[in-house]
């Protein structure tokens with residue numbers, strides 16, 4: 001199983017249910033919705049809190065940017081007993097009509113093999129990068145109840161934030177992908193390999209096809225609050241072994 005190296009966490013300080021985000025500011029925001037949140041890690045800037053939501057223990061952790069950084073957090077949370085890890089992140093829209101704060105609930109994530117993916121899979125293979133069905137179902141149900149506009153669709157996980165261009169968008173949208181982000185494929189793949197349930201909720205922060213600007217943490221705060229409540233409701237309803 002191993003022992004965490006980068007985070008000072010243990011089975012006593014981390015819940016079976018975890019929500020992870022790239023931006024520490026989003027972690028600080030979400031933890032405000034928990035009851036009695038306690039700071040359990042600051043090492044390597046992987047800010048982590050554990051508290052309860054409606055009496056159910058939940059951990060909120062920052063995972064940094066990209067698969068190599070986020071994989072450390074996914075791995076170490078699972079080492080100490082997390083059985084459900086849901087990414088609450090942002091994404092870039094790649095189809096017209098999506099607006100800042102809209103929600104994408106990924107049904108899968110495409111990715112470019114190589115790098116950390118090759119080191120995990122150890123061959124030029126295309127492993128399934130899909131979330132757990134019951135997690136997706138719970139998330140969709142809660143977002144529908146809350147009346148939050150959302151898209152349920154595949155995304156693509158890209159390692160190079162500034163490398164996207166019109167050809168990138170054209171290629172991936174022709175394959176049914178509607179948004180780009182950086183960590184979902186890694187999370188979903190690791191979840192399948194380690195028997196950890198996974199899912200994701202992504203807020204649109206910018207668009208690659210329309211001039212929407214780039215929304216930073218404070219500009220997304222209102223959307224984060226609403227989406228985080230719906231996500232927490234979903235997370236506590238997922239059944240774990």
Only one of (1) within 19 Å of the chain's Cα centre (by Cα); (2) surrounded by 14 or more Cβ atoms within 10 Å (Cβ to Cβ); (3) over 22 Å from residue 128 (Cα atoms) is not met by residue 146, so which one is it?
-> (1)
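Return yes when residue 146 is touching a helix residue (DSSP H, G or I) at 6+ places or on another chain (Cβ under 6 Å) and either in contact (Cβ under 8 Å) with a residue 12 or more places away in the chain or under 17 Å from residue 107 (Cβ atoms) (or both) and no when it is not. Spell out the reasoning first.
Details: touching a helix residue (DSSP H, G or I) at 6+ places or on another chain (Cβ under 6 Å): yes; either in contact (Cβ under 8 Å) with a residue 12 or more places away in the chain or under 17 Å from residue 107 (Cβ atoms) (or both): yes.
Answer is yes for this residue.
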Which residues, taken from the stretch 205-232, are touching a helix residue (DSSP H, G or I) at 6+ places or on another chain (Cβ under 9 Å) and crowded, with 21+ Cβ neighbours inside 10 Å?
-> 205, 220, 224, 227, 228, 230, 231, 232
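Could you tell me whether residue 73 is assigned to a helix (DSSP H, G or I) and in contact (Cβ under 8 Å) with a residue 60 or more places away in the chain?
Values: assigned to a helix (DSSP H, G or I): yes; in contact (Cβ under 8 Å) with a residue 60 or more places away in the chain: yes.
In short, yes.
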In the stretch 77-91, the residues that are buried (at least 24 other Cβ atoms within 10 Å of the Cβ) and over 23 Å from residue 133 (Cβ atoms) | 90
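In the stretch 9-66, which strands (runs of 3 or more DSSP E) lie fully inside it and hold 3 or more residues that are touching a helix residue (DSSP H, G or I) at 6+ places or on another chain (Cβ under 7 Å), buried (at least 17 other Cβ atoms within 10 Å of the Cβ) and touching a residue at least 40 places away in the same chain (Cβ under 8 Å)? Spell out how you get there, then give the answer.
Values: elements: 17-21, 35-41, 48-53, 56-62.
The qualifying strands (runs of 3 or more DSSP E) are 17-21, 56-62.
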List every residue pair whose Cβ atoms sit under 9 Å apart, with the two residues 6 or more apart in sequence or on different chains, where the first one lies in the stretch 187-198 and is surrounded by fewer than 20 Cβ atoms within 10 Å (Cβ to Cβ) and the second, anywhere, is assigned to a helix (DSSP H, G or I) and modelled with pLDDT under 95.
-> 193/120
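The values are calculated or read from the model by the stated rules, or taken from the named source; none is laboratory data. What you see is a predicted model; the values in this text were computed from it and never measured. Every residue, glycine as well, gets a Cβ built from its backbone with ideal geometry; the counts of neighbours run over all protein chains shown.
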